[in-house]
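Trainee: First the structure, then my questions, so here it is.
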Amino acid sequence: MQHIPLPCNDLTNSGLIIINIISMPYLQLEVIRSYPYATKKLLAKRIGKTYAKIMKADANRITVSIRELGEGGIWRCGNHEPMPAAIMMCDIRQGRDVHVRTLFCRALIEMCNEVLGLETGQLNIEFTQHSGDEMYHQRLGSFSSEWSADEGAI
């Protein structure tokens, strides 16, 4: 996420408004352990390639974050005692059907379990779908277009 200060006349905010611009897709993984830099880089690369292939997207648009919240940082609640968990929040452009998103989820779970040693059932994945004009890419210099199946992996 990029914070951009904009001038304003509001003295309570020191004359600035801060807006958040998120590059999409923005894939945010939150885990309870710490991992070496090389492991996180490998996982980010694999997530990016997998997203581009399955979700038919330009790899230059993909941003991955891995947040290490530490022991006790994420819990899955239920009828029994809470259990340690992991979660991935996927902010993406709208338009992919549930079958495509399911394929992506299964691939994510497999790679996160393999690379990070997560336990089966530990990772949940959630999607928030956006229109293209809600996603600005500084590197590309524009808002995203609406997703199309013809986009493919570039």
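Trainee: Work out how much length Ser131 to Glu68 would gain on full extension: take 0.36 nm times their residue separation and subtract the Cα-Cα distance, in nm to one decimal.
Mentor: Details: separation 63, 0.36 × 63 = 22.68 nm, distance 2.92 nm.
Residue separation times 0.36 nm, minus the Cα-Cα distance, leaves 19.8 nm.
Trainee: Still on this structure, please answer the following. What distance in nm separates the two pseudo spin-label positions at Ala59 and Lys41, each 7 Å out from Cα along the beta-carbon direction?
Mentor: Here the modelled spin labels are 1.6 nm apart.
Trainee: Something else: Using label points projected 7 Å from each Cα along Cα→Cβ, tell me how many nm separate Arg33 and Arg106, to one decimal.
Mentor: 2.5 nm
Trainee: Taking the beta-carbon count within 10 Å as an exposure proxy, list Lys45, Lys53 from fewest neighbours to most.
Mentor: Values: Lys45 12, Lys53 15.
Listing Lys45, Lys53 from fewest to most nearby Cβ atoms yields Lys45, Lys53.
Trainee: Hey, any idea what the orientation-averaged projected area of the convex hull of segment 17-150's Cα atoms comes to, in nm²? Spell out each step's value before the answer.
Mentor: Details: hull surface 38.9 nm².
Quarter of the Cα hull surface area: 9.7 nm².
Trainee: Hey, fewest Cβ within 10 Å first, where do Asp133, Asp58 land in order?
Mentor: Working: Asp133 11, Asp58 16.
Ranked by crowding around the Cβ, least crowded first: Asp133, Asp58.
Trainee: Quick check on segment 52-105: what are the equivalent-ellipsoid semi-axes from the Cα gyration tensor, as sqrt(5λ), descending, whole Å? It would help to have the intermediate numbers written out before the result.
Mentor: Details: eigenvalues 164, 50, 12 Å².
Three semi-axes, in Å: 29, 16, 8.
FYI, it's all coordinate maths here, none of it is from the lab. Fair warning: this is a prediction, and the values are worked out from it, not measured in the lab. With ideal geometry, Cβ positions are generated from the backbone for all residues, glycine too; neighbour counts draw on all protein chains shown.
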